[in-house]
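Trainee: Take a look at this one; I'll ask things after.
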Amino acid sequence: MLIKNNYKTLFYIFLLSHLIIWTITPSLSNVNLPLDTIEALAWGSNLSWGYSKHPPVSAFFVEVTYNFFGNRDWAFYLLSQIFVVIAFIYVWKLSNLIFKNKLYSLCSIFLLEGIYFYNFTSPEFNVNVCQLPFWALVIYYSWKSINYEKTSDLILLGIFMSIGFLTKYLFFYLLLSIKIIFFLNMLEKRNFKAKFMIPGIIFMIFLIPHVIWLFKNEFITITYALNRTGIEEVSLANHIYNPLTFLLKQIGILVPVIIMLLTFVNFKKINFKILKKDKYFLLLINLLPIFLIFLTSFVSGAKIRTMWMTPFYLFIGILLIQISKNSLNEKNIKKFLAVFLIFFIMSPLSYFYVSLSNEFKRTDYPGREISDLVQRRWDKNFSNDISIVVGDEWYAGNLSYHLSSRPTWFNTIENDLSSVTSNTGVIYTGNPNILKKFCPGIYGTIKPIGICMIGAK
């Protein structure tokens, strides 16, 4: 009875529990923030309309967080979970619109706990996690726009499309899928309304600053994205091997979800006829982005990295429940909840174990300890603050994050070392053998990097 009458309450208890557990667990088990989060923080110290690896949105959110909380690691784990929770809220909202059944909505959310993207890998705030709420918002407002045709929904859709794409270019696969779905809807209704162009217009306007930045920086972000696929080293075999490997990994990702579903469903009664009326939306929004990225891999031979698929499965729970809702055995809800709880408890325990037992991880890097040492050495020799750190995103980025003065990070400074004045307050990091030869200030090493300090006496 408690379960039956409190599905909405259970949902919010789940959200709060998820947020707390996945904020506390990495905070206790990790010495240092993960690589991608440090990278985003490095970019955030030097806000721009783009970076060498990604568009600007993830850097903006970590910098806002830093301005509120400073260099407290837990704040960035919290940021990740806020993004996950917002995504879950809009999955819940859409499921309520579709099912008008709180039990089905709750189950569609709980199924997502079987996907490790939304728990085990979620503490690392990066562009994949940053996409989650915008992916969910775009799908939610796409459904509302198609069914209610409100101008306000179309405006919001355009805004969230823009932010999502400026988080990561892979968001394009969702946007292309949405475009196809809108086109099919237009054909079905046999009419076209000019206001359906609103999202596209907003998207193009929002994109202008980033496009200008791309031209000024020789499309460096796009070049990086293409290189990550290994497209320059493609052989004939890659056109078969890479897409098949991709498909097998996607099946593996969904195995825990299927296990959870098995406790709740009579598969003999499953009705796969879901392509009636607007129900094809669920099928297309879940499968079309995956098919398009598979097709990309097949045609180009590109390697699709598993973590890139983080946002793609947010609505898979709704689809599975929709397909199987006529065969759901509500008497088995307690069994379903029991299996869900097993996954819910084991995921943070597994994370904690892996974090403490595995050696030589990025999260074991003594970033704060090294920064304290650098600060003491700086204070002993110079009177001004450290305002700039130069080097790669990891070593120099950690200094930028941990140092109290929050120096601006640069990958490189075009001017040579001798042109930097002592009043600037600069620390260069890099290969110790190279840096030692050109350092005009105080040189030292903190394994495995060399450090050159230039400040005012």
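The values are calculated or read from the model by the stated rules, or taken from the named source; none is laboratory data. Keep in mind it's a predicted model, so treat the numbers as computed, not measured. Here the Cβ is made from the backbone with ideal geometry for all residues, glycine too, and neighbour counts use every protein chain on show.
Trainee: Which residue is modelled with the highest pLDDT, if the candidates are limited to segment 248-303 and must be among the β-branched types (V, I, T) and not in a helix (DSSP H, G or I)?
Mentor: T263
Trainee: If you scan segment 304-340, which residues turn out to be of a type in the set (K, R) and either more than 24 Å from L132 (Cβ to Cβ) or buried (at least 19 other Cβ atoms within 10 Å of the Cβ) (or both)?
Mentor: K325, K331, K334, K335, listed by residue number.
Trainee: So, one more: If you go through segment 71-85 one residue at a time, do you hit one that is without any contact (Cβ under 8 Å) to a residue 24 or more places away in the chain and under 21 Å from the mean Cα position of the chain (by Cα)? Steps first, please.
Mentor: Step one: filter segment 71-85 for residues without any contact (Cβ under 8 Å) to a residue 24 or more places away in the chain, giving 72, 75.
Filter once more, so that each one left must be under 21 Å from the mean Cα position of the chain (by Cα): 72, 75.
Taking every residue of segment 71-85 in turn, at least one turns out to be without any contact (Cβ under 8 Å) to a residue 24 or more places away in the chain and under 21 Å from the mean Cα position of the chain (by Cα).
Trainee: Sticking with this one: Of the residues F382, F360, only one is over 30 Å from V91 (Cβ atoms) and over 28 Å from the mean Cα position of the chain (by Cα); which? Let's see the steps before the verdict.
Mentor: On the way: F360 fails: over 28 Å from the mean Cα position of the chain (by Cα).
Exactly one residue qualifies, and that residue is F382.
Trainee: Another one. Among the residues of segment 146-167, count how many are assigned to a helix (DSSP H, G or I), hydroxyl-bearing (S, T, Y) and either modelled with pLDDT of 95 or more or under 24 Å from T37 (Cα atoms) (or both).
Mentor: 3
Trainee: Okay, next question. Would segment 60-77 turn up any residue that is in contact with a Cys (Cβ under 6 Å, 6 or more places away or on another chain), of a type outside the set (D, E, K, R) and within 18 Å of F134 (Cβ to Cβ)?
Mentor: No, there is no match, as no residue in segment 60-77 is in contact with a Cys (Cβ under 6 Å, 6 or more places away or on another chain), of a type outside the set (D, E, K, R) and within 18 Å of F134 (Cβ to Cβ).
Trainee: Okay, next question. Take the conditions assigned to a helix (DSSP H, G or I), in the same structural domain as I38 (by TED's automatic domain parsing), over 14 Å from the mean Cα position of the chain (by Cα) and modelled with pLDDT of 95 or more and apply them to Y66. Does it pass?
Mentor: Yes, satisfied.
Trainee: Every residue in segment 363-379 that is within 24 Å of the chain's Cα centre (by Cα) and among the acidic types (D, E), please.
Mentor: Selection gives D364 alone.
Trainee: Looking at I155, I98, I86, which one is crowded, with 18+ Cβ neighbours inside 10 Å, out of contact with any strand residue (DSSP E or B) (no Cβ under 6 Å at 6 or more places or on another chain) and in the same structural domain as N329 (by TED's automatic domain parsing)?
Mentor: I98
Trainee: List the number of the failed condition for F60; all other conditions in (1) touching a helix residue (DSSP H, G or I) at 6+ places or on another chain (Cβ under 6 Å); (2) at pLDDT 95 or above; (3) closer than 30 Å to L214 by Cβ hold.
Mentor: Among (1) touching a helix residue (DSSP H, G or I) at 6+ places or on another chain (Cβ under 6 Å); (2) at pLDDT 95 or above; (3) closer than 30 Å to L214 by Cβ, F60 violates only (1).
Trainee: What number of residues within segment 173-194 satisfy the criterion of being surrounded by 17 or more Cβ atoms within 10 Å (Cβ to Cβ), among the aliphatic types (A, V, I, L, M) and in contact (Cβ under 8 Å) with a residue 40 or more places away in the chain?
Mentor: Final tally of qualifying residues: 3.
Trainee: Which condition breaks for T229 when tested against (1) under 22 Å from the mean Cα position of the chain (by Cα); (2) surrounded by fewer than 15 Cβ atoms within 10 Å (Cβ to Cβ)?
Mentor: The single condition T229 does not satisfy is (2).
Trainee: Which one of the conditions (1) under 30 Å from S142 (Cα atoms); (2) under 18 Å from the mean Cα position of the chain (by Cα); (3) part of a helix (DSSP H, G or I) does A42 fail to meet, given that it meets all the rest?
Mentor: Here A42 meets the rest and fails (1).
Trainee: Before we move on, is Y395 under 23 Å from the mean Cα position of the chain (by Cα) and not assigned by TED's automatic domain parsing to the domain that holds K168? Walk me through how you get there before you give the answer.
Mentor: Working: under 23 Å from the mean Cα position of the chain (by Cα): yes; not assigned by TED's automatic domain parsing to the domain that holds K168: yes.
Considered against the rule, which asks whether it is under 23 Å from the mean Cα position of the chain (by Cα) and not assigned by TED's automatic domain parsing to the domain that holds K168, Y395 comes out as yes.
Trainee: Among the strands (runs of 3 or more DSSP E) confined wholly to segment 348-457, which include 2 or more residues that are within 28 Å of V62 (Cα to Cα) and of a type in the set (S, T, Y)?
Mentor: The strands (runs of 3 or more DSSP E) meeting that bar are 426-430.
Trainee: If you take the residues of segment 362-383 that are without any contact (Cβ under 8 Å) to a residue 60 or more places away in the chain and either outside the structural domain of Y395 (by TED's automatic domain parsing) or loosely packed, with under 14 Cβ neighbours inside 10 Å (or both), which of them is farthest from P26 (Cα to Cα)?
Mentor: Out of the qualifying residues, it is K380.
Trainee: Restricting to segment 216-235, name every residue that is modelled with pLDDT of 75 or more and either among the charged types (D, E, K, R) or not in a helix (DSSP H, G or I) (or both).
Mentor: Across segment 216-235, the qualifying residues are K216, N217, E218, F219.
Trainee: Another question, then. Given the conditions (1) without any contact (Cβ under 8 Å) to a residue 24 or more places away in the chain; (2) in contact with a Ser or Thr (Cβ under 9 Å, 6 or more places away or on another chain), report the number of the one that V62 does not fulfil.
Mentor: (1)
Trainee: What do you reckon, is I146 of a type in the set (A, V, I, L, M, F, W, C), within 20 Å of L282 (Cα to Cα) and surrounded by 24 or more Cβ atoms within 10 Å (Cβ to Cβ)?
Mentor: Values: of a type in the set (A, V, I, L, M, F, W, C): yes; within 20 Å of L282 (Cα to Cα): yes; surrounded by 24 or more Cβ atoms within 10 Å (Cβ to Cβ): no.
Considered against the rule, which asks whether it is of a type in the set (A, V, I, L, M, F, W, C), within 20 Å of L282 (Cα to Cα) and surrounded by 24 or more Cβ atoms within 10 Å (Cβ to Cβ), I146 comes out as no.
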